[in-house]
Amino acid sequence: MLIDVIFALIILQRLGELVIAKRNEAWMKQNGGYEAGKDHYKWMVAMHVAFFVALFVEIQLIDYPFSSPFWVFAALFLMVQLGRVWAITSLGKYWNTKIIVMPKAPVVLKGPYKYIKHPNYTVVTLEFLLIPFLFQAYLTLIVFSLLNMWMLSVRIVKEEEALKLHTDYEVAMDGKLRFMPQLKKSEN
């Protein structure tokens with residue numbers, strides 16, 4: 001029962017974020033924004049959907065019992081959610097699940113963006129670890145943590161290329177902590 005409630009809350013949160021993203025996308029495009037990195041987006045969405053399907057299937061098939069570390073991982077997950085909210089609210093209308101760039105827009109340097117590049121991707125990576133740990137779904141944890149790292153190695157390059165091309169991103173983010181080690185430029 002508790003598993004079902006937590007699972008449902010996470011799904012509802014994601015659906016709410018999609019509503020916010022769609023609203024922000026419309027505003028950004030009305031104000032001169034354009035979408036970059038379209039090619040990988042459908043794969044990223046498919047990966048996130050597959051993550052929840054795999055998690056649900058693994059939970060149902062394995063029927064793991066709750067263990068005492070559950071509450072530790074639940075507390076960590078809640079802290080990560082605060083980071084998610086902080087990142088989203090800091091970007092405001094510029095936050096999106098897609099890479100939407102508004103040429104000449106100021107680079108957001110408040111909230112976690114004062115300290116780190118891509119805090120939202122840090123949150124997502126932690127979620128790909130913590131959510132499976134909550135349910136002891138270790139196969140999902142391993143497979144989707146690896147897939148997420150691969151996806152981000154593509155996405156971050158695409159996002160940074162677009163931001164560097166149309167904003168002062170490179171200067172604004174100079175010296176900020178990187179989410180991942182230096183990434184190679186994409187070939188696409």
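Cut-off 14 Å, label point 7 angstrom out along Cα-to-Cβ of residue 139: give me the residues of the range 54-74 whose amide nitrogen falls inside. Only 54-64 fall inside the zone, counting backbone N under 14 Å.
Treat each spin label as a single point 7 Å out from the Cα along the C-beta direction, and report the residue 5 to residue 68 distance in nm. Modelled inter-label distance: 2.3 nm.
Sequence gap at least 6, Cα distance under 8 Å: using those rules, report the relative contact order of the chain to the nearest whole percent. After rounding, I find 30 percent. By the equivalent-ellipsoid construction on the alpha carbon gyration tensor, the range 31-188 comes out with semi-axes of 31, 18, 13 Å, ordered largest to smallest.
Applying 1/(1 + (r/R0)^6) with r as the Cβ-Cβ distance of residue 47 and residue 177 and R0 = 30 angstrom yields a FRET efficiency of 0.75.
Largest first, the extents of the alpha carbon coordinates of the range 17-119 on the three principal axes equal 52, 29, 21 Å. Spread over its residues, the convex hull of the C-alpha atoms of the range 4-71 is 112 Å³ per residue.
Extension gain for residue 170-residue 89 works out to 26.9 nm (0.36 nm per residue, less the C-alpha to C-alpha distance). Ordered from largest to smallest accessible area (heavy atoms of protein chains, 1.4 Å probe), the residues 151, 79 come out as 79, 151.
In this structure, the amide hydrogen of residue 168, modeled 1.01 Å from its nitrogen in the peptide plane, lies closer than 5 angstrom to those of 107, counting only residues at least 5 positions away or on a different chain.
Against the criterion of solvent-accessible heavy-atom surface with a 1.4 angstrom probe, 27, 150, 95 sort, most first, into 150, 27, 95. Computed from Cα atoms, the angle from the helix 119-135 axis to the main principal axis of the chain rounds to 10 degrees. Rounded to the nearest 10 degrees, the inclination of helix 138-166 to the longest alpha-carbon principal axis of the chain is 10 degrees.
Where only protein heavy atoms count, and the probe is 1.4 Å, what is the accessible area per residue for the range 23-62 in Å²? Here the per-residue accessible area is 60 Å².
Axis of helix 2-30 versus longest Cα principal axis of the chain: the two differ by about 10°, to the nearest ten degrees.
Dividing the helix sum by the residues of the chain, where each DSSP H run of 4 or more adds -39500 (n - 2.57), gives a mean residue ellipticity at 222 nm of -23500 deg cm²/dmol. With 0.36 nm allotted per residue and the present C-alpha distance subtracted, the residue 116-residue 61 stretch has 15.9 nm of extension available.
The values are calculated or read from the model by the stated rules, or taken from the named source; none is laboratory data. Please read these numbers as outputs of a predicted model, since none were measured by experiment. Note: ideal-geometry Cβ built from the backbone for every residue, glycine included; neighbour counts use all protein chains shown. SASA here: full protein model, heavy atoms, side chains in, ligands and nucleic acids out. Shrake-Rupley method; radii C 1.70, N 1.55, O 1.52, S 1.80 Å.
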